Structures are given as C-alpha cells and as structure tokens.
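Beneath this line is the structure, given in structure tokens, with notes to follow.
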Amino acid sequence: MTFEVHARRLGRIAFRPSAARAHTQDPDNLRDYVRQMRRWTLGFWQTVRRHGFHVGLFWFALAAYIAELLLSSLVLVVAVPMLAMSIAGSTFLYADDGVLGIPHEISLILPPHVIALGLLIPDLVLTLIAVVALKRPVLLCYAPFFILLRVVDAAICLRTLPKAWLESAGVWTSPARRKMTVLEPEAVM
C-alpha cells in the first residue's frame, strides 16, 4: 500500500502509535520462520517489480535500501563458506597444497577470527541498539543466534529475488494460524 500511495501521489504516509492495534503471532520453529520470511521477502520483491522506481525521496531511499540489502546479503552468504575455508586452511596449515583443494593461504589472508568478528561485531551492535531502544535486556540472551537468522534471511533474500521476476504469479497464500485469545486493552493493564 505504501508503494501505491507514493507511486500515485495519493498523499502522505503517517503512523500514529496510539491508533495502531495489532495481534501478531511469531513463528513457533525455524521451519515456520523460514516460510514466513520467504513470503515477506518474495512479497517485497514482487512489490518492487510491480511498481518499479519513480523520482522522489521515497524511491531514492528504496534504491539505497535495496543496494544495502543486496550487498549485505551477498556478504553474509559468502562469509559462511569463506569462514569454513579459512578454518580448514588454518587447521591444516602444515599441508603445502591445502586440504580438499583449499589453499592454506586463505587463512593467512582472512584468518577465521577476522571473519567471525566482522560478522559478530556489527550484529552485536545492532542487538545492543535494539536492547536500548526496546528496553528489553533479555534480547542479549538471544544475541548469539541473531547472526544465524541474519544469514538465513540473507539466503532467503537472494533466493526470492529471481523468483519474484521469473516464477511467481504474485498470488498470496495465507499461512495456518493458531487460535488466539485476544485481551482488550483494559484487561492488559
């Protein structure tokens, strides 16, 4: 809807937290999480495909976001095999020809700790920002797992990009939902 409002210049987009009322369901397991992220990411790429780009601040910000999204997704997806090769190269450093065709020089150029810190430090900084902004220190307990989810998200992002242009008909399939008990705002307080 945001894309449509901007594309047709129908007005402004505004958010008023006091008027927002939503009931959400988080995925129960990794399989459901991957399915949800695949739906959301495919929907994003389909929306970009449908509306294209126009002149304006929204479209400039969208282009910058897509550039950052693609770059960070590529870096994350490539970092995993690079880390594995670096670990293998440093573990079997004594072999002249490398192990399984992996030259040990890779671990000298990109040591495993450099790759790991390059992935973990930015992710930890983002987690700390979320902890402060949301005032939820419990998120620090989950911090080691966020990088794994970011790698999964990056792989999904890159996988759904060509699918949105080549395979997808753009038909929404609603996921199965759990039965929820909805509390009125007065009951929550």
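Can you compute the modelled spin-label distance between ASP28 and LYS179, with each label point 7 Å from Cα toward Cβ, in nm?
1.3 nm
Given axes a ≥ b ≥ c from the Cα gyration tensor, I'd like to know whether region 1-154 is rounded (a/c under 1.5), prolate (a/b larger than b/c) or oblate.
prolate
Taking R0 as 35 Å, what FRET efficiency do you get between GLU4 and VAL75 from their Cβ-Cβ distance, rounded to the nearest 0.05?
Efficiency, rounded to the nearest 0.05: 0.65.
Looking at the square roots a ≥ b ≥ c of the eigenvalues of the Cα gyration tensor of region 108-174, which shape do they give, rounded for a/c under 1.5, prolate if a/b is larger than b/c, or oblate?
Cα axes put region 108-174 in the oblate bin.
Placing +1 on the Cβ of each Lys and Arg and -1 on the Cβ of each Asp and Glu in region 1-160, which of HIS113, ALA67, ALA20 has its Cα farthest towards the positive end of the resulting dipole?
Result: ALA20, furthest along the dipole toward the positive end.
Could you work out how far apart the two model spin labels at ARG38 and PHE53 are, taking each label as a point 7 Å from the Cα in the direction of the beta carbon, and quote it in nm?
2.9 nm
Can you give the Rg and Dmax of region 2-76 based on its C-alpha atoms, in angstrom?
15.4, 41
Taking a 1.4 Å probe, which of MET37, MET85 shows the most accessible area, and what order do the others take after it?
MET85, MET37
Pop out the ³J(HN,Hα) list for region 19-33 in order, Karplus 6.51 cos²θ - 1.76 cosθ + 1.60 with θ = phi - 60°, rounded to Hz; leave Gly and Pro as x.
Result, rounded to whole Hz: 8, 6, 9, 9, 10, 10, 10, 7, x, 7, 8, 5, 4, 5, 4.
Suppose the chain between ALA64 and SER90 were pulled fully straight at 0.36 nm per residue; how much longer would it get relative to their current alpha carbon spacing?
Full-extension gain reported as 5.7 nm.
The values are calculated or read from the model by the stated rules, or taken from the named source; none is laboratory data. Values in this document were obtained by computation on a predicted structure and should not be read as measured data. Please note: Cβ atoms are built from the backbone with ideal geometry, for glycine as well, and neighbour counts cover all protein chains shown. Just so you know, the surface numbers come from the protein's heavy atoms only, side chains and all, with ligands and any DNA or RNA stripped out. Shrake-Rupley method; radii C 1.70, N 1.55, O 1.52, S 1.80 Å.
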